[in-house]
Structure formats: structure tokens, C-alpha cells
Protein chains: 2
Amino acid sequence: MGIVMAKKTKSALENKKGVSISEITNTSKIKSIKDKRKTGINTDALVASILNKDITALSRAITLIESKNPKHLEKANTIIKGCLPYSNKAVRIGITGVPGVGKSTFIEVFGKHLTAIGKRVAVLAIDPSSSITKGSILGDKTRMENLVKDDNAFIRPSASGESLGGVARKTRETIILCEAAGFDVIIIETVGVGQSETTVHSMVDFFLLLKLAGAGDELQGIKRGIIEMADAIAINKADGDNLKKAKLAKVEFNRALHLYPEKSSHWQPKVTLCSALKNEGIDAIWEIILEYVKITSENNYFNTKRNEQNKFWLIQTIEDQLKSDFFNTPKIKSALKNQLQLIETNQTTPFAAADYLLSINN
Amino acid sequence: MGIVMAKKTKSALENKKGVSISEITNTSKIKSIKDKRKTGINTDALVASILNKDITALSRAITLIESKNPKHLEKANTIIKGCLPYSNKAVRIGITGVPGVGKSTFIEVFGKHLTAIGKRVAVLAIDPSSSITKGSILGDKTRMENLVKDDNAFIRPSASGESLGGVARKTRETIILCEAAGFDVIIIETVGVGQSETTVHSMVDFFLLLKLAGAGDELQGIKRGIIEMADAIAINKADGDNLKKAKLAKVEFNRALHLYPEKSSHWQPKVTLCSALKNEGIDAIWEIILEYVKITSENNYFNTKRNEQNKFWLIQTIEDQLKSDFFNTPKIKSALKNQLQLIETNQTTPFAAADYLLSINN
């Protein structure tokens, strides 16, 4: 109604020269009206609905973030800006583990535990492979049937994107919206392909590594440097015949973790056993996370880390863009090809070639 | 003499308008004469001397590479270009290991073994700390007394520089000159601080990791991801009471190495025992390197790797420069400070801030 009226008023004013429109002093209101007229999206209303914990509004806004339409992205930026003052309040938890470790079952049971104790939980995913397969690790929602049905849970399949950087940006922005929508815990799942674990690690407060006991799996983890990122390692499927092996693995991981220099968080990473299937040890993991938040909030590491993450994403985004701008310039593209040939035939060095390419860019 | 004459002739020609100087058709000769006049450095002569295995000329040229004087760097680039067609012929070996592992003794004994079998050996170093301490890991030449005295060995302390990238560039360029000077083996030593090992790894054909047995040192290596880079691990000081421990460590390292996926070189990294002090197992290490060169030359990995390294340095140099240009712009510097404050106070996102900074740069 208000929008229709505004439209009429505007038309009338436009047709009558010299009429001041100074009565409309709320510029954000004007923008909102204009926005609505152009794309049918009222960003102010959407922000208000998100702050009002309206899941449909949240979903619509995330879809705008994920859109490739520049007009949608403009809207998305307005919405993000509107939500920003209400963000930054949830605990952000990254969860990783190799396929077969039971991530879906774990997240479902962990999520249900959180909603049972009164928390609202959002589950997002970073899946670099989705940009290729167009699939998504959370796409198969049947994997988390109980959590999906839970009114206090919100599950969103991973954003697809051209690059991990693009996916990361969309996920980070989705976190802001989810926090504005009043979710207390944000879980970000990753399949752990390529750099995805590092990416998730750089956007969460707490990084949980799920492991299985036995089969040399322990060393595999060390090899990929993930252990160094973990704030806790949960050895899943620690039930029945597996229990003994799991207990041994716990000792081994604890030994490995103690070899690392103390983290700047002053947090000593914990190793714990759990069975998502039997719902055992799940509450203990939440207790560990609460302890982490308490300790790091007291020594201010919690906020320091978030600020560092923000700075990291700022610098990373700029660097990615600078590189992409440079190497996608047609002149550079063909010159680069030539220079590489000259290097291969010993006629120039990589450094002289770089100097040359940089000189022709200006 | 010739230079004095050239100067006189030039003056005469200049004073007599209309006199053709077309007799002098060798432009490189003219450049060389001009060069000499300007800085007292005849680059052509220096290149000729380097190709003639003149160590004094080699040292002078490396000093030009390391100079901060832009005129010297211009000369250095000319010399490098002159040496390039004669480079690319040595085996480049990276050697790393924690302090106390016996690197100096090992390199001395290994170098002496190589000169004894008729090889000419150059030893360089990458020491990122040298830019801070202005010291150098090879600065204390007394550590390699015998090798220093050897006519077929050339030891050069590490280039100091503002950045690891700068040091790396100087080292890479020094390799070119050493190869032009007919050295068959180039050894690049690193203390293994920060990224220096990755840097060395990206400029050598073969990466040798020196280790000691016992004291949990094995896992320390795994932690830092160095094992993944190693083409061979030599457990040093494998003598006397240490021998038993060293043999156990060999088993453990072999087990760890087999957990890694096969390298694209199709080379299975070797673990070997040695005692630099007692000159034991040193020849075996050279045999391993020869075997590596043979296998990787046959499957063409050797050249592929060098091309990839060249490409890496080209891209790396460009990226470093792009970043440095951007972030050192005064306008960006102050705007970045503002944007970081806006991020900290939840008024903008890292991504929106990046978009803004990129937009004001143009």
C-alpha cells in the first residue's frame, strides 16, 4: 500500500516542476521505495523480517547473495549492511572430516542437542567441488531429516561459485544474515577438498576435526596439516568393537597435539570420543566449545581472531582481484605466453619477464 | 687502452658534425664500451670471464646482483642475459635441517666428495634472518675450511634482502651465473626459518632433508610439512652409540614416507644413514641423487619441474609487485586504515571494504 502511494506521489511531483520534495527527508526510505519499484524487492522490509527471525525472508536474502544478477547483488549488499549491526553474536563452528567419518549424522545429532537446550542452529557448507559438479554436500537434505524438521534449525546447502574465494565470500555473508536472524550457533561443514578446510578455518571461531580410529588415519591427518588447525578432535564411532581402538587413537592424538607449540589462544586442543549414532559424547563436545569461548573471551583472543579473520578476508579479496585483473588483460595474456616461451628457451629469466610484463601493464 | 681510444674517437666524432659512425656496426660492442665508460664495468668482458670459469669475475657479477644501486642492477641484468644460454646445466640440490643437525660439516664433506670425483661445486644459502641480523649462515667461512680452500668449490654467503622474495630472486640469478661458470653441482643451504624451505624447494631439482635420530625430532619434521618436500632424508650422526637409534628412525621415516601419495616424479623418496663427521654414507647420497636425475630425466619430470619452477617465480614476482604497488599507494594506505575501523565496528564487511578500496585505486 505505502509503496503504491509513494509511486503515485512521485509521479505527481515529477509532473509539477518546481515542487520541492523536501518533505521526504528519510533518504533510506526513498531508496527502499525506489528499490522495490525496480526489482520488486524491498530491502528494508527484508532486513526487518530477517531481524524478526523470518526464515523465508532469510532464505530469500541468501538467494540474492548467491545470485549472479548484478542488480540482485546490489540488493544483497544493502541487506547485508542492514544486518551487520546485528551480526557477530553467534558461535561459529567449523566441522571437517574425511568422507565416511559420519559428518552428517554427527551434525544432525549435535544440532538436535543444541536445539534441545534452547539454541537456534544454522548449518552451512563449503564445498569447492560443487562449482564443478553443481552438487552440494548438504543438497541431500534427507541426510539430516530430523534437523531439517526442527523449527530452531536452518540448513542451507553450500553456495556454488566460480572460485573458492567466491564461495567463501557468499558463505561469510550468509553467516552475517543468519546471525542477524538470531541463530546462536553457526555450523560450517566442509568436505575437506583442497583448500576448503583452510577457508573454513579462517571464518570460524572453533574448528572441530572428526576422526575415525585405526587404519593409519591418524597420520593422514597429520600429513595434511589439519591437526594444527583443530581446536578439538572428536573420534567418532567410538562404540562397540571400535571403542578400544578409539581410546588408543585418543592417546596418540593427544601425544601429537602436545608436540605443537602453544597456540596464541592459550587453548590446549582437546581430544574426545563420541558416537553420533548412539548419541554419546555429543554434549561433552558442546561443553568443550563453551569452555573455549569462555577462555578465549576472557583473554580477548576470541575478538582478536575475528578481527584478524576480517583483515585476512579484506586483504585476500583485494589480492585475488588484483591478480585476476592483471592476468585477464588481453595484452598481458598474450605477452605472458611469449615470455614463458622465452624462459623455456633460456632467453630470459622469470624475474626479467615479470619486470617486462609489469612494465607493459601501465 | 681500447677504452681510452674509444673515448677519444667518440669525442672527435662528436666535434665534427656530419661524420658517419657507421664503421662501428657491432652495437653490442658500442654498448659495452659505453657501459664501461659509465660505471667502469665491461659487462661483455665479465660474461666472457665467467664463461672462462674466472671466480673473481663470478664474484664481482654476484656483487652486482646483490647491489642496491639501480645502475649496478642494470649491469647485472645484462650479465645474467649473457650467461643465460650457458646455464641450466648443473644439478641443483637444496639442503635443510634444524640447527645442530650438522649441516655445515655435511656440506663440507659432501662437497669434498664431489670435487674428489671431478665435480665443481658451488654452495649458496638462503637465510631469511640475514635481512634482520645482517648475519649469514655461510658468513662464518671457518665452518667449511677445507671446502673454502678447494679450487673446485665456490662458497657464497647468502644474499641479504628486504624480503624473502628479494633474497630468492638474487639466489636464483646467482645460480644462473654459477652454472655459466661451469659448476656441475649447486648446493643451496637453508636454516629452515619460516618459508625459506619452501623457497629453496621451489628452486632446486633435489631436496635433501638432514635429520637426527631420537628426541621426537621425527614428528617435528612431519608437523612442518617438510617431509612432503624431501626427495631424500639423510639421518646424520649415525655413528657410535647413535647408530641403533638412527636405524630405528630410518624405519619410522620410511613408514611415514610411504603414507604419502606417489609423487608426480614417480620418485619414491629415500631414507639413508650417514655420518658427516666420519665420512660415512656420503657417497651413497650422491648415488641417490644421480639415480633421481636419471629417473626423472627419462620420464621428463626433471625439465617439467624446472619449467614449473620458472613459471612459479614469474607469477610470484608479478603478484608480489602488484600487491606492493597497491598497498603502498598513500591513498590506499589511509583508506585501508579507515575501512579496517569500519569493519571492526560492524559498519562494513571485509568484502565491501575490498570493493571500495579497489574502486578508489583506479
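All of the numbers you see were taken from the coordinates with simple rules; none came from a lab. Not measured: the values here are computed from a predicted model. Please note: Cβ atoms are built from the backbone with ideal geometry, for glycine as well, and neighbour counts cover all protein chains shown.
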(request) Give, to the nearest whole percent, the P(r) tail of segment A:311-361 beyond 14 angstrom, counting all Cα pairs. (result) 57 percent
(request) Would you mind listing the distances between the B:Ala45 label point and the same position in each other copy? Use 7 Å along Cα-to-C-beta, nm, one decimal, shortest first. (result) 8.5
(request) Taking H placed 1.01 Å from N in the peptide plane, check which residues at least 5 places from B:Gly102 or on another chain put their amide H under 5 Å from its amide H. (result) none
(message) Could you give each residue of segment B:148-153 its phi-based ³J(HN,Hα) in whole Hz, using Karplus coefficients 6.51, -1.76, 1.60 with θ = phi - 60°, and x for Gly or Pro?
(response) 4, 6, 6, 4, 8, 10
(message) Order B:240-246, A:185-191, B:71-77 from most to least packed using the mean count of other Cβ atoms within 10 Å.
(response) A:185-191, B:71-77, B:240-246
(request) Would you mind listing the distances between the A:Asn361 label point and the same position in each other copy? Use 7 Å along Cα-to-C-beta, nm, one decimal, shortest first. (result) 0.8
(request) Please express the shape of segment B:277-362 as an equivalent ellipsoid: the semi-axes are the square roots of 5 times the eigenvalues of the C-alpha gyration tensor, given largest first in whole angstrom. (result) 50, 17, 12
(message) Loop only by DSSP, 15 or fewer other Cβ within 10 Å of the Cβ. Give me the trypsin sites (Lys or Arg not before Pro) in segment A:268-315 that pass, ordered by residue number.
(response) A:Lys278
(request) Would you mind listing the distances between the B:Pro261 label point and the same position in each other copy? Use 7 Å along Cα-to-C-beta, nm, one decimal, shortest first. (result) 3.0
(request) Give the chain B residue with the shortest beta-carbon distance to the rotation axis relating chain B to chain A, plus that distance as a whole number of Å. (result) B:Leu322, 2
(request) Give the long-range amide H neighbours of A:Ile95: residues separated by 5 or more places, or on another chain, with amide H under 5 Å away, using H modelled in the peptide plane at 1.01 Å from N. (result) A:Ile188, A:Glu189, A:Thr190, A:Leu208
